[in-house]
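> Take this structure, written in structure tokens, and hold onto it; I'll ask about it next.
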Amino acid sequence: MVAFNMQGYGRYLWLMHGMFRANGGCGYIKKPDLLMNVGPDGNVFDPKAKYLVKKTLKVTVYMGDGWHLDFKQTHFDLYSPPDFYTRVGIAGVPADTLTKETKKIEDNWTPVWNEVFTFPLTVPELALLRVEVHEYDMTEKDDFAGQTCLPVWELKQGIRAVPLFDRKGDKMDSVRLLMRFEFV
């Protein structure tokens, strides 16, 4: 992270953590061939160019659990259980960048969403799946409840228990989302 001169915490740091989580977290990632190759007429990869969809990622967010173990009962709301919702999105080339949101589940430490989102990807080699959970707050800014960023090119199809991380990028002890990943 020193080479990137990252200061503070937030989405850009989470993206870097997600990118370098690839390849077993060793810190080395081979550049995709599309960034290394030069076309016959000398052209190089242009992230703003229009490309055909190569893959469609289908993400199902089933449920979340573990907040009641990692947070005090009054951490999110003083008088009622939390109202969680999840943002799921793609960070990548401009054509692939998109964010979607689950419905808010009120008064529940173990929210069940059962929502499906599809993301058409033109350059899956550069795409990162961003997941953030927030707690809805009617009077103030919504509370942060966890995040993760996963390299799309390393996602395995199937149902997964996905651990969440705090604002600093440290893994939470118990908080997980149950998700399914499919390429269609």
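The values are calculated or read from the model by the stated rules, or taken from the named source; none is laboratory data. None of these values were measured; they are calculated from a predicted model. We place every Cβ from the backbone using ideal geometry, glycine too, and count neighbours over all the protein chains shown. When the accessible area is computed, the model is the full protein with side chains, heavy atoms only, and any ligands, DNA or RNA have been set aside. Shrake-Rupley method; radii C 1.70, N 1.55, O 1.52, S 1.80 Å.
> Tell me the label-point distance for the pair R167, N37, using the 7 Å Cα-to-Cβ offset, in nm and rounded to one decimal.
4.4 nm
> Quick one: with all protein chains in place, what share of the accessible area of the chain is carbon or sulfur, to the nearest percent (1.4 Å probe)? Don't skip to the end; give the middle numbers.
Numbers: 5770 of 10690 Å².
Looking at the chain in its full context, I get 54 percent from C and S.
> Quick check: the angle from helix 11-20's long axis to the longest principal axis of the chain, C-alpha only, nearest 10 degrees?
60 degrees
> Over the Cα atoms of the chain, compute the convex hull volume and normalise it per residue, giving Å³.
136 Å³
> Okay, moving on. Over segment 113-184, what per residue volume does the convex hull of the Cα atoms give, in whole Å³? Provide the component values of the computation, followed by the final result.
On the way: hull volume 9.4 nm³, N = 72.
It is 130 Å³ per residue.
> What accessible area per residue comes out for segment 129-184, rounded to a whole number of Å², with a 1.4 Å probe?
Values: 2790 Å² over 56 residues.
With all protein chains present, segment 129-184 gives 50 Å² per residue.
> Still on this structure, please answer the following. In nm, to one decimal, how far is the modelled label at E154 from the one at K30, with both set 7 Å along Cα→Cβ?
1.5 nm
> Largest first and in whole Å, give the semi-axes of segment 1-85's equivalent ellipsoid, each being the square root of 5 times a Cα gyration tensor eigenvalue. If you can, show how the numbers build up before the last one.
Working: eigenvalues 309, 75, 34 Å².
Its equivalent ellipsoid spans semi-axes of 39, 19, 13 Å.
> May I ask you to list the aspartates and glutamates whose Cα is less than 19 Å away from that of K50, ignoring any residue fewer than eight positions away on the same chain?
The reachable aspartates and glutamates, counting only those whose Cα sits under 19 Å from K50, are D33, D41, D96, E125.
> Next question, about the same structure. Show which aspartates and glutamates lie in cross-link reach of K58 when reach means a straight Cα distance below 12 angstrom and same-chain residues fewer than eight apart are skipped.
In chain and number order, the partners are E115, E182.
> If you count, for each residue, the other Cβ atoms within 10 Å and average over each peptide, how do 158-165, 83-90 line up from highest to lowest?
On the way: 158-165: 14.8, 83-90: 22.2.
Top of the packing list down: 83-90, 158-165.
> Ok, one more. To the nearest 500 deg cm²/dmol, what mean residue ellipticity at 222 nm is calculated for the chain from DSSP H runs of n ≥ 4 alone, each contributing -39,500 (n - 2.57), summed and divided by the residues? Don't skip to the end; give the middle numbers.
Working: 3 runs with 18 residues, N = 184.
Per the formula, -2000 deg cm²/dmol.
> Tell me the Kirkwood radius of segment 50-97: reciprocal of the mean inverse pair distance over distinct alpha-carbon atoms, in Å.
Values: mean 1/r = 0.0692 Å⁻¹.
One over the average 1/r among Cα pairs gives 14.4 Å for segment 50-97.
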